[in-house]
Amino acid sequence: MLSVLFTVILTAKTGDLALYPTNEADAETVLLVSHGWHSGLVLRRESVTGEGAGAALRNVATRFRDFSELEFGWGEARFYRATPTLAAFDWRLALSALFTPGGSDGVIQVVGLERPARDSFPSADIVPVRVSRAGLARLIARLEASFKLTKNQPVDLGPGLYGPSLFYEANGRFSYANVCNHWAADLLDAAGVPTTPVLDTHPLGLLADLRWRAGAAPLAPLAD
C-alpha cells in the first residue's frame with residue numbers, strides 16, 4: 001500500500017501556477033466528460049481554430065461547422081471503435097489493447113454536439129474546468145499534435161460511435177500506461193491543471209483528481 005502511495009506522489013504533476021487557476025475575465029471553460037469507461041473533452045468549435053491550432057483542427061472545425069461544441073476522445077483503434085457503450089465492453093479486446101507489446105494504434109473521435117453537453121450526455125459525469133487563454137492555447141496545441149497527418153491533413157476513418165461523428169487516425173500508442181483518461185488529463189495538464197497519472201488511469205480516479213487537486217467539481221445531474 002505504501003508503495004502505491006509513493007508511486008502516486010512521485011508521478012503527480014504539479015501543473016503550472018502561472019496558467020491555473022485563473023481569474024481572467026475571458027477564461028475558457030473546458031468540459032471533461034466521463035462516460036463510465038472512457039473520458040473526453042468538450043471544447044467550443046471556435047476555440048479549436050485559435051492559437052495553437054494547425055491543419056488538423058482547422059479541417060475538423062470546417063467539417064463540423066454546424067456545431068458550436070465538439071467532443072474529442074482518444075483511444076485504442078480496435079477497442080474504442082467496437083465499444084459504443086459499457087454494455088458492449090469486450091474483455092478480450094480490452095486486454096489486447098492494454099497489453100499489446102509496444103502498444104496499439106490510437107484513434108481520435110470527434111463528435112458534433114447538437115445540444116449543450118449536459119443535455120447531450122445526461123448520464124455522464126461532466127466537470128467544467130476554467131483555463132486561461134494561454135493555457136487554452138497550449139491545450140489546443142497538444143490536441144493538434146494528437147492527430148496524425150497525411151499530406152498535411154487529418155485522416156478520416158469513417159463514422160464515429162454516436163451522433164454526427166468521425167474517427168481520425170491519431171498519434172500515440174495505447175497501453176495500460178497510456179489510456180484514454182491519461183490523454184484527457186494530459187490535455188488539461190498542458191493548460192496548467194495539476195494531474196496525477198496513477199489516479200487518472202480510471203475515470204473515477206480522474207474525476208477525484210480534478211476535485212482534489214484542481215478544485216473542479218462535477219456539474220449537477222439533470223433533474224428527472
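The values are calculated or read from the model by the stated rules, or taken from the named source; none is laboratory data. Note that the structure is predicted; figures quoted are calculated from it, not measured. Please note: Cβ atoms are built from the backbone with ideal geometry, for glycine as well, and neighbour counts cover all protein chains shown. Protein only, heavy atoms only, side chains kept; ligands, DNA and RNA dropped before computing areas. Shrake-Rupley method; radii C 1.70, N 1.55, O 1.52, S 1.80 Å.
Results, tabulated for the structure shown:
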{"item": "Scattering profile of the stretch 103-224 at q = 0.12, 0.20 Å⁻¹ [log10 I(q)/I(0), Debye over alpha-carbon scatterers]", "result": "-0.51, -1.38"}
{"item": "Alpha-carbon spread of the stretch 160-208, three principal axes, descending order, Å", "result": "31, 22, 21"}
{"item": "Residue 23-residue 145 FRET efficiency (beta carbon distance; Förster radius 22 Å; 0.05 resolution)", "result": "0.20"}
{"item": "Computed lengthening from residue 58 to residue 12, 0.36 nm per intervening residue step minus Cα-Cα distance", "result": "13.3 nm"}
{"item": "Full-extension gain in nm, residue 114 to residue 177, via 0.36 nm per residue minus C-alpha separation", "result": "19.3 nm"}
{"item": "Residue-normalised accessible area of the stretch 113-207, given per residue in Å² at a 1.4 Å probe", "result": "41 Å²"}
{"item": "Over the stretch 142-182, volume per residue of the alpha carbon convex hull, in Å³", "result": "99 Å³"}
{"item": "Interatomic Cα distance distribution for the stretch 24-63, bins of 10 angstrom, percent", "result": "25, 43, 29, 2"}
{"item": "Simple label model, 7 Å out from Cα along Cβ direction - residue 152 to residue 51, nm", "result": "2.4 nm"}
{"item": "Cα-based Rg and Dmax for the stretch 108-153, where Dmax is the largest Cα-Cα distance (Å)", "result": "14.1, 39"}
